[in-house]
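Values in this text are rule-based calculations from the coordinates and carry no lab data. Just so you know, these numbers come straight off a predicted model, no measurement behind them. Every residue, glycine among them, receives a Cβ derived from its backbone with ideal geometry; neighbour counts consider all protein chains shown.
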C-alpha cells in the first residue's frame with residue numbers, strides 16, 4: 001500500500017513539474033510575441049515621421065535644374081523612398097491590428113450587407129480615389145461573425161485592390177457554400193506579368209508586385225486566420241489577381257491576447 005502511495009506522489013510531483021514547465025514556456029512565448037508587437041509599433045512610428053519630409057526634399061531636388069546631372073540618382077532615391085513609404089503603410093496597418101485586444105464578439109450578420117458597408121467606407125476616404133466594385137453572387141448570407149473584424153477584412157482587401165489595380169475596377173463575388181462563405185475578389189494589375197518574384201515591377205524597382213501585396217495583406221491574413229478562415233492569392237498570366245477568402249458561418253469567441261501597448 002505504501003509503495004502505491006509513493007508512486008502516486010511521484011507521478012503527482014512529475015505532473016506538477018511538467019505543468020510548471022509548460023506555464024513557463026507559455027509565459028516566455030507570450031513575452032516574445034509582446035516584444036515583437038512593440039517593435040512593430042515602434043518601427044511604424046519611426047518610419048511615419050520622417051518619410052513625408054524626405055519625399056518632399058527629394059522632389060524639390062529633382063526639380064532643381066542645377067542638379068540635372070544627378071537626375072538618375074535622384075530618381076533611384078525616389079523609388080527607394082516610395083518602397084519605404086509602402087513599407088511604412090503596411091507596418092501602420094499591422095501596428096493598428098496588434099494593438100487591439102483580439103476578443104471576438106460574434107453576432108448575427110448579413111455578410112453581403114457588411115461587404116456593401118465596407119465598400120462605402122473605403123470610398124468615403126477623401127484622400128483616395130473612389131473604387132468601382134461590381135458585387136454579385138448571393139443576395140444575402142446570414143451567419144455569426146465579429147462585425148469589426150469582418151469589416152476590417154473587407155476594407156483591407158478593397159484598399160489593396162485599389163492601390164495595386166488598374167483603373168480601380170474590382171469584382172467581388174460572395175457565394176453561400178453551406179457551412180462556409182467564399183468571397184472572390186478580382187482585379188487587374190496595370191502591367192504584366194502578374195505577381196512574380198523574379199521580374200521587377202514598374203521597370204526599375206527591385207520590389208515585386210508579390211512583395212507589395214503580401215505586405216499589405218498581412219493583417220487581412222491574420223484576421224482571416226483568427227476567424228477560422230483562409231485567405232489565398234492566385235494569379236493568371238494576363239495580370240489578373242484573385243483573392244479567395246473562405247470564412248466559416250459560425251465564428252466562436254476567442255480568448256483575449258495580451259495588449260502589446262504602445
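Along Cα→Cβ, 7 Å out, is where each label goes; now give me the distance between the ones at residue 66 and residue 173 in nm to one decimal.
6.0 nm
Take peptides 220-228, 129-137 and line them up by average Cβ neighbours within 10 Å, highest first, as a rough protection proxy.
The most tightly packed comes first, giving 220-228, 129-137.
Quick check: residue separation of residue 147 and residue 36 times 0.36 nm, minus the Cα distance between them. What number comes out in nm?
37.3 nm
Quote the FRET efficiency, to the nearest 0.05, computed for residue 134 versus residue 233 with a Förster distance R0 of 22 Å and r equal to the Cβ-Cβ distance.
According to the calculation, E is roughly 0.65.
Work out how much length residue 76 to residue 17 would gain on full extension: take 0.36 nm times their residue separation and subtract the Cα-Cα distance, in nm to one decimal.
My answer for the length gained is 15.4 nm.
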